[in-house]
Amino acid sequence: MAGPTTTERGASKPSAGTSSGRSGSRGPGRARGSRGSGEAGPEDRRTRSRLRLILLGSALLALAGGVLWALYGSSWLRAENVTVSGTRVLTPRQVEQVAAVPVGSPLASVDTGAIEERLRRELPRIDSVDVVRSWPGTISLEVAERVPVLVVEQGGEYTEVDAGAVRFATSVTAPRDVPLLRLDTGDSPGRRRFGGGRLTAEAVRVVTGLPAGLARQVTSVRVRSYDSVTLELAGDRTVFWGSAGQGEAKERALVALMKAAPKAGHFDVSAPSAPAASRS
């Protein structure tokens, strides 16, 4: 039998190009397989991310729990001390008793707003108060008292009036060096129109606007109507002020009059552009 021809033998042998092509096609496949075995897939990355979030959340919860326990559950941060500052007439003991700070309670749970409200309601002499937590265990009560600028006498008792025309404290003795307010209005139209509160506010406005040296000389303020305010000074001298308006101009006019007529007993600055002084 005749053997294969030269052509057939050539066709049965794989060409170099074909063999090279197969080898090349297997090469990229192996390379991709090699990369896949060394890198995390999308699912692995999502799992690791979730794990990190869970660990972070657990740490934050543990920290928050520790803080809450320290603030409310431990014996370290408790209200153990109460301090009072700023009192003048009131005593620290009075303020502390009315404040009723819950000593022994967690400092963070002390209701500072309720303490402030209680102090201002029950001690009207207090103008303002700050209740401050001072860690680790102190409540500080920082008080500012009202200062009287006038005092009103009624029925043998004296009521103090501050610079805001607020009547805040009554006693059987008048405070020293505070002018007496006399509302001699009767049933006048001015009182019916403006009311005692408005007339008191006008008297306060006059007194608080005076220079310190002159204010110290005022012994009483007499109010007959809205535009009839008279200052009574030490040494039996009087100053007819008129209304509370034009305060600065009236002050200048009065100072000039007192220098020009030092022996005068009565001064009228109700019209500051034409002031007058007389001996009576």
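Quick check: from the Cα gyration tensor, does the stretch 105-150 come out rounded (a/c under 1.5), prolate or oblate? Could you put the intermediate results ahead of the total?
Details: a/c = 4.66, a/b = 2.26, b/c = 2.06.
Because a/c hits 1.5 or more and a/b exceeds b/c, the stretch 105-150 counts as prolate.
Figure the gain on full extension for R133 and T208 (residue separation times 0.36 nm, minus the Cα-Cα span) and round it to one decimal in nm.
Values: separation 75, 0.36 × 75 = 27.00 nm, distance 3.55 nm.
Additional length available on full extension: 23.4 nm.
Would you mind classifying the stretch 104-251 by shape? Square roots of the alpha carbon gyration tensor eigenvalues, ordered a ≥ b ≥ c; an a/c under 1.5 is rounded, otherwise it is prolate if a/b is larger than b/c and oblate if not.
Prolate, because a/c is 1.5 or more and a/b exceeds b/c.
How large is ³J(HN,Hα) for each residue in the stretch 258-275, as worked out from phi by the Karplus curve 6.51 cos²θ - 1.76 cosθ + 1.60 (θ = phi - 60°), to whole Hz, x for Gly and Pro?
Computed from phi, the couplings for the stretch 258-275 are 5, 6, 6, 10, x, 9, 5, x, 9, 10, 10, 10, 4, 10, x, 7, 9, x Hz.
Taking amide H positions as placed 1.01 Å from N in the peptide plane, with prolines and chain starts having none, which residues 5 or more places from S128, or on another chain, fall under 5 Å of its amide H?
HN-HN under 5 Å from S128: A144.
Quickly work out the T219-to-A108 label distance, labels modelled 7 Å from Cα along the C-beta direction, and quote it in nm with one decimal.
Taking the simple label geometry, A108 and T219 are separated by 6.2 nm.
Quick note: the coordinates plus some simple rules give every number you see, no bench work behind them. None of the values given here were measured: they were computed from a predicted structure. Cβ: placed from backbone, ideal geometry, glycine included. Neighbour counts: every protein chain shown.
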